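Quick notes on the structure that follows.
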2 protein chains.
Amino acid sequence: MLWSGWGDPEKAVTLPPGVVTLLEQALGVQPAERPPVALSEVTLPPPKLDMAVSSELAMFVGPPNLHSHRDARIRHAAGRSTTDLLRLRAGDASGAPDAVVLPATHNETLGVLGACARRRVAVVPFGGGTSVVGGLAADRAGYSGLVAVDVRRMTGLVSLDAESLTATFQAGTPAVEAEELLAAKGFTLGHFPQSFQWARLGGFAATRSAGQASAGYGRFDEMVLALKVATPEGTIELGRGPSSAAGPDLRQLILGSEGAFGVITELTVRVHPAPERTLYQAWRFGSFAEGVAAVRELAQRGPLPTVLRLSDEAETGVDAGLHGHPAAGGCLVVAGYDGTSAGVEPFAAAGAAALAAAGGTRLDDAIGEGWAAGRFDAPYLRDALLDAGAIAETLETATSWSTLVALKEAVTAALTASLSAQGTPPLVMCHVSHVYPTGASLYFTVVAAARENAVAAWGAAKKAATDAIVDGGGTLTHHHGVGVEHRPWLEREIGPLGVEMLRAVKARLDPAGILNPGVLVP
Amino acid sequence: MLWSGWGDPEKAVTLPPGVVTLLEQALGVQPAERPPVALSEVTLPPPKLDMAVSSELAMFVGPPNLHSHRDARIRHAAGRSTTDLLRLRAGDASGAPDAVVLPATHNETLGVLGACARRRVAVVPFGGGTSVVGGLAADRAGYSGLVAVDVRRMTGLVSLDAESLTATFQAGTPAVEAEELLAAKGFTLGHFPQSFQWARLGGFAATRSAGQASAGYGRFDEMVLALKVATPEGTIELGRGPSSAAGPDLRQLILGSEGAFGVITELTVRVHPAPERTLYQAWRFGSFAEGVAAVRELAQRGPLPTVLRLSDEAETGVDAGLHGHPAAGGCLVVAGYDGTSAGVEPFAAAGAAALAAAGGTRLDDAIGEGWAAGRFDAPYLRDALLDAGAIAETLETATSWSTLVALKEAVTAALTASLSAQGTPPLVMCHVSHVYPTGASLYFTVVAAARENAVAAWGAAKKAATDAIVDGGGTLTHHHGVGVEHRPWLEREIGPLGVEMLRAVKARLDPAGILNPGVLVP
């Protein structure tokens, strides 16, 4: 992955001149004053790790699997939020660990965690490194060092139970590789988040990821049947059978634990027969509220497409401008249908009938197919916007249907007011990309001019938006996680006694407090 | 509820003479030597509660809502397992609390728990009282008293969000009343476990109940969106929106907590438009394995009926004998379809096509309708069997599809061997009543002659069956809960560190350890 941005450097995009002009005229974006520094100019803290500690860690994983060179440290210094990228581009890799440790097995991971606990070395569990909420920003203050435990050597399909439709993977398996391994046997996991091309399965579990096809395949936390976790206090193995009443579901404490309770090393997930065909449709609704009513109808009464997304007027307008389609002025719905060769057309026809009945106007399927083709490209576009002197960032929530439209307006207003007051009026776009019978997610994309203080400016806007979310009955995050960014609000979501429950579990599994300090647990 | 058995005494049934003869011939059942004692002969421990404690508790709930009379104590002395009933029928109410406290509000509950914690009085949270795993058998040793906190004054629909399909209830609402309140507004919860006529919503949540229509409406734990809980350390309120990535899902620690972490006082659940019609079908499959393959096909590929049950040959034979139908020699499948007036027939037709394609022979719909009509009657039949000198008890598990048939055989063998070795060869029947894409539940009903030592004899058989379940990859319980009965095996299910996680949470929420001591947490 590009050290200062997203993904494969070969896939970098540049903005068309017309867009640059538009950014300048509409948002006051100025050509970037601070292009990314050269990699060689990045500053990072002097490595602090005691030689005795390095030697002990190397003993568990083998010397070639303990990396303390500058490149490895920079590549584990931060996640991929816009704030992370602004700092890296400015040459600031102050979050870099002292070393990167690459265990190949669960037992090696246990050994590493035990040694770090004894020596009070902080640990950042590291999967694909794609956190956008500061999930990798462990606070090293008070520790004798900071190491990233990167799971990338723990990959592969451990077993497949084709009769029960379950598969067990090592947690470091890249999502792409998991899909390839399953496809070879006729199956799919069906989990395609924005981070798909870079993320790893363990990270999906640790952050409660949700993919673009969640309507059809569910959230990642719903896919997980069993987990194996290495903690400083030993191994946890959870999950027997499809469902249980054997007390509280402790898997749900590991799911979403963001590396603060342990390192997930293996997981068993539900799989599905691979679709033989996928069809996409595009629809236009007159307003966001009309679109919400339509996708709610499908979520509550069916038929529910595999992918179902609704863009608001602003996002639809930008999309129409970029790709030239006739949804502008209204709201674009993209629906995707996975199915068998025989089943997919009736499925899509039923979806079309429901969307038409809900007041939609059908557009060319190519618009939906275009969305699918570019579904993992947005982060590349963000790099181009940063290059052009803009900030572009996303945030998200979920709430019940009855409060969805009001919450969307409140968050949009909060973002607009905050950034406008700072002299950089933003473009705020929103879409609904995950629907449930009882509510849906809201995903906001914000573009504004980047001034000298862009990190602080975005921080203020994010705070305003998060206050609006919590005040308006939304959850702090639908699928990005808590990290350090949302941690100040977590007590408002789960209450002081909820925070104490987290602390009690953490204290038992990680008594030395070495795991991802500062992340998740207030 | 009948103090020594199940339900409404007016609905008691007697066994037909032919069944009595059959029990005698096939299982060696002798006419009961120990009919239930008279209520006046029941012995219970002398009340131990200090007058100062009683006065303080009465202060929170009002004197008329603190019951320490004999009748109230006996009616809160035990759950409804066969072991519970054998003891009660013998006049043993040694589990009776010293008093029953009836708070009317969340704040009264908080006050009661706080006072009990200060004075080291153990508390049994009491809902419908229908536990079959010793969930009400709190261990009073070392406490200054034992009180039942009965939630039956906290009832009613707090709010309904028809747009989001959610409803908030007080946790003491009886399931029957919840359905009536929802039906008046055109909705249903769709949760119909065996205990439906007596259980209360809070108990469903505390035990992870699953109802007979779980294929259509899900398990109760899947229905719960938000919870309010009173603990000795204060209030917990959890759940915002349809789905969240804001860290571990702490609701899942309360669901299944069986009164050991707090008293659930309010809950928000998903509701559904009430079905306009329900159709039932009955099918015959040649063998249990063929039936399993068929219900698996429906669970994995659809269409999935609202109710889907498969009885093994033994259960089918008994059912055919009792109700006179032609499934004997094979395995009965009952499928139920909830739908709209227009939609239910196509739905049932699609189910029928799938069951026929899977090799089923359709029987008269009246057999399925008969199952539905008698769906809550089995516990009455148990009382009649106890009266007749037999023991009748159930146990259950769940496992993946690939191990289901083998686990069913192993558990049947373990029960048969244990009871046969004790001189009372049993009839063991089994059904699949909850199906998932990845596996299903197994529900066993055991009938055998009751000898003098029936409690110990069943205890040995239950131990053999539970060992077989855990050894065979099943979960300890699919929907009955842990209670005191399954507690010795919980560590095998969740591991020693899993047990420590439960203990850490309990220590934080209930530092005095007053909540349901001995239940759930090893």
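Quick notes on this one:
- Sulfur and carbon atoms: percent of accessible area, chain B [1.4 Å]: 55 percent
- Cα→Cβ-extended label distance, 7 Å offset, between residue B:507 and residue A:349, nm: 6.4 nm
- Label-point separation, residue A:50 to residue A:322 (7 Å along Cα→Cβ), nm: 5.1 nm
- Span-like helix ranges in chain A, DSSP H, alpha carbon extent 27 angstrom or more, Kyte mean at least -0.5: A:401-421
- Other copies of residue B:1: label-to-label distances in nm, shortest first, labels 7 Å along the beta-carbon direction: 5.3
- Projected area averaged over orientations for the stretch A:232-299, convex hull of C-alpha atoms, nm²: 9.0 nm²
- Distance (nanometres) between label positions extended 7 Å along Cα→Cβ at residue A:1 and residue B:159: 4.0 nm
- Amide H contacts of residue A:208 (H built 1.01 Å from N, under 5 Å, at least 5 apart or other chain): A:256
- Minimum 40 Å² accessible area buried by the other protein chains, the stretch B:475-497 residues, probe 1.4 Å, relative to alone: B:493, B:494, B:497
- Checking the cross-link pairs A:408/A:463; B:228/B:463; A:228/B:506 against a 27 Å limit on the alpha carbon distance flags B:228/B:463 as lying beyond it.
- Dividing the helix sum by the residues of chain A, where each DSSP H run of 4 or more adds -39500 (n - 2.57), gives a mean residue ellipticity at 222 nm of -11500 deg cm²/dmol.
- Remark: label point of residue A:183 defined 7 Å out from Cα along the Cα-Cβ vector; separations to the same position in other copies 5.2 nm, ascending.
- Rounded if a/c under 1.5, otherwise prolate or oblate - the stretch A:116-205, Cα gyration tensor axes: prolate
- Divide the volume of the convex hull around the Cα atoms of the stretch A:363-522 by the residue count and you get 161 Å³ per residue.
- The gain in end-to-end length when the residue B:293 to residue B:177 segment is fully stretched comes to 38.0 nm, 0.36 nm per residue minus the alpha carbon separation.
- Entry note: the protein assembly as shown has Rg to Rh equal to 0.98, where both radii use alpha-carbon atoms and Rh is the Kirkwood radius.
- Each residue of the stretch A:120-125 was assigned a 3J(HN,Hα) from its phi angle through the Karplus expression (A = 6.51, B = -1.76, C = 1.60, θ = phi - 60°), giving 6, 9, 5, 10, 9, x Hz with x at Gly and Pro.
- For the protein assembly as shown, accessible area per residue (1.4 Å probe, heavy atoms of protein chains only), Å²: 34 Å²
- Principal axis box of the stretch B:277-354, alpha-carbon based, largest edge first, Å: 36, 26, 15
- Heavy atoms of chains A and B lose about 5600 Å² of accessible surface on contact, summed over both sides with a 1.4 Å probe.
- Using a 7 Å projection from Cα along Cα-to-Cβ, the label point at residue B:59 is separated from the same position in the remaining copies by 6.1 nm, smallest value first.
- Relative contact order %, the stretch A:465-522, counting alpha carbon pairs below 8 Å whose residues are six or more apart: 37 percent
The values are calculated or read from the model by the stated rules, or taken from the named source; none is laboratory data. In this text the structure is predicted, and so the values were computed from the model without any measurement. A quick note on method: Cβ atoms are made from the backbone with ideal geometry, for glycine too, and the neighbour counts reach across all protein chains shown. Just so you know, the surface numbers come from the protein's heavy atoms only, side chains and all, with ligands and any DNA or RNA stripped out. Shrake-Rupley method; radii C 1.70, N 1.55, O 1.52, S 1.80 Å.
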